[in-house]
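Rule-based calculations on the coordinates, nothing more; no lab input. Please read these numbers as outputs of a predicted model, since none were measured by experiment.
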Amino acid sequence: MSEVVVLPMARKPVWLLFFEGLVPAGFPSPADDHRGTRLDLNRLLLPHPDSTYLVRVTGDSMTGGESGIRDGALLAVDCRLTAEHNDVVIAVVEGQFTVKRLIRRRANTWFLVPDNPCYPEISITEPDLFDVWGVVTHVVTETRRGRLSSHVRVG
């Protein structure tokens, strides 16, 4: 099971240099231009700043799938969006937060499905014990372990 921790965040612009060229994940190509433009990370991750939060995930129920959500990842969660089939959502099930993929099967039968096949899916049979808190729009994960957790403190 994955747990979710809501983090406080500053809503001021966070300007980063953005390299406009595409970087291939296959064979390298010669760099056309090394110029970068400025990109406001908050504007990219938080299009609805008053209803978007950063949360930290603990657990591995979402590893191994297309979402790219690993233990310790930060998620941008937009609470203004209406969840749709196949969205990754922060759901509240019987008063507990969890991050899962929202899947509709048959007419109106809904399930919360983990990306990790080692975990069971959750059938939403009691709609009054379930709520979608927000839709995950971005995943921030680290490739070099330890740096993200040392800069984002919980508590």
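Jot down the per residue volume, in cubic angstrom and as a whole number, of the convex hull over the alpha-carbon atoms of region 87-145.
111 Å³
Remark on residue 133: its backbone amide H falls under 5 Å from those of 90, 91, 92, a criterion applied only to residues 5 or more positions apart or on other chains, H modelled at 1.01 Å from N.
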